[in-house]
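Single-structure report; data block below.
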Amino acid sequence: DTGVSQDPRHKITKRGQNVTFRCDPISEHNRLYWYRQTLGQGPEFLTYFQNEAQLEKSRLLSDRFSAERPKGSFSTLEIQRTEQGDSAMYLCASESLGVHNEQFFGPGTRLTVL
Amino acid sequence: GENVEQHPSTLSVQEGDSAVIKCTYSDSASNYFPWYKQELGKGPQLIIDIRSNVGEKKDQRIAVTLNKTAKHFSLHITETQPEDSAVYFCAARSNDYKLSFGAGTTVTVRA
């Protein structure tokens, strides 16, 4: 257990529905990352926050995706109007800026869009 | 952006033998190279990392080497055990935030 938690662990939804995932980073880690991992591939960067500011978004993050980190603590990732191609594992990682720059990953949320 | 290639995609070794996984990267500005182990149904777990000012680092049965000139780095696991069976990912970081990952190596240790 790295100390990063994600909820839910699994989500099955029908195409067109909205889903929201939550990530709780290691306490006082000021950076929080979202990655997406499809079967047989490594994680791909989606976006990251430094405290409450969203500093970078990948081109993978379409307009249907939105992420927030109010108050610089937990973060949510929402996908609107889900598509079958959104099926993947969504991973959250946290990092304490300036301390070895190690990213610690949570267990992930596996999304299945039917 | 950074492109990381990882080989082999699968690796089967006899318990007690060594396993070697190799990665190459494209961005010469990359300066941090972590290795992650991922077990089924879990998130990636950092097992070792190396920075660009170091050529080799060892932690018990695990070692990593870095050749900045050739832009490649390798993971070495000695005296493999069944619990070493997992998917291993290399990654590179060049811009102080995001990691770029390889596609992974599925390691199977045969008892």
Problem set entry | Yes/no for B:Glu56 being free of Cβ contacts under 8 Å to residues at least 60 places away in the same chain, of a type in the set (Asp, Glu) and under 25 Å from A:Leu91 (Cα atoms) | no
Exercise. Name the residues in the stretch B:72-97 that are more than 10 Å from the chain's Cα centre (by Cα), facing chain A (nearest Cβ under 9 Å) and crowded, with 21+ Cβ neighbours inside 10 Å, would you?
Worked result: B:Arg93
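Would you confirm whether any residue within the stretch A:49-64 is within 28 Å of B:Asn53 (Cα to Cα), in a strand (DSSP E or B) and without any contact (Cβ under 8 Å) to a residue 24 or more places away in the chain?
Yes, the conditions are met somewhere in the stretch A:49-64.
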Exercise. Out of all the residues in the stretch A:50-63, is one or more within 10 Å of chain B (Cβ to nearest Cβ), touching a Gly at 6+ places or on another chain (Cβ under 9 Å) and of a type in the set (Gly, Ala, Ser)?
Worked result: no
Problem set entry | Condition check for B:Ala111: surrounded by fewer than 19 Cβ atoms within 10 Å (Cβ to Cβ), under 30 Å from A:Pro8 (Cα atoms) and touching a residue at least 60 places away in the same chain (Cβ under 8 Å) | no
For this session: Answer yes if at least one residue in the stretch A:101-111 is under 10 Å from the mean Cα position of the chain (by Cα), buried (at least 16 other Cβ atoms within 10 Å of the Cβ) and at positive phi, and no otherwise.
Result: yes
Exercise. Could we say that B:His76 is in contact (Cβ under 8 Å) with a residue 24 or more places away in the chain and out of contact with any Phe, Trp or Tyr (no Cβ under 8 Å at 6 or more places or on another chain) here?
Worked result: yes
For this session: Go through the stretch A:81-100 residue by residue and tally those that are over 13 Å from A:Asp7 (Cα atoms), surrounded by 13 or more Cβ atoms within 10 Å (Cβ to Cβ) and among the aliphatic types (A, V, I, L, M).
Result: 2
For this session: Output the residues belonging to the stretch A:32-48 that are facing another protein chain (nearest Cβ under 8 Å) and either assigned to a loop (DSSP other than H, G, I, E, B) or farther than 22 Å from A:Ser5 by Cβ (or both).
Result: A:Gly40, A:Gln41, A:Gly42, A:Pro43
Exercise. Quick check, is B:Ser52 hydroxyl-bearing (Ser, Thr, Tyr), at pLDDT below 95, farther than 17 Å from B:Thr108 by Cα and buried (at least 18 other Cβ atoms within 10 Å of the Cβ)?
Worked result: no
Seminar exercise, completed: In the stretch A:65-114, anything more than 14 Å from every other protein chain (Cβ to nearest Cβ), in a strand (DSSP E or B) and acidic (Asp, Glu) is listed as A:Glu68, A:Glu78
Exercise. Do any residues in the stretch B:18-45 that are more than 12 Å from every other protein chain (Cβ to nearest Cβ) have Cβ atoms under 7 Å from those of residues that are β-branched (Val, Ile, Thr) and surrounded by fewer than 21 Cβ atoms within 10 Å (Cβ to Cβ), where the two are at least six apart or on different chains, and which pairs are they?
Worked result: B:Ser18/B:Thr78; B:Ala19/B:Val13
For this session: Give me a count of the residues in the stretch A:28-80 that are loosely packed, with under 14 Cβ neighbours inside 10 Å, at pLDDT below 95 and basic (Lys, Arg).
Result: 2
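The values are calculated or read from the model by the stated rules, or taken from the named source; none is laboratory data. Remember, predicted model here, so these are calculated numbers, not experimental data. As a convention, Cβ positions derive from the backbone with ideal geometry for all residues, glycine included, and neighbour counts pool all protein chains shown.
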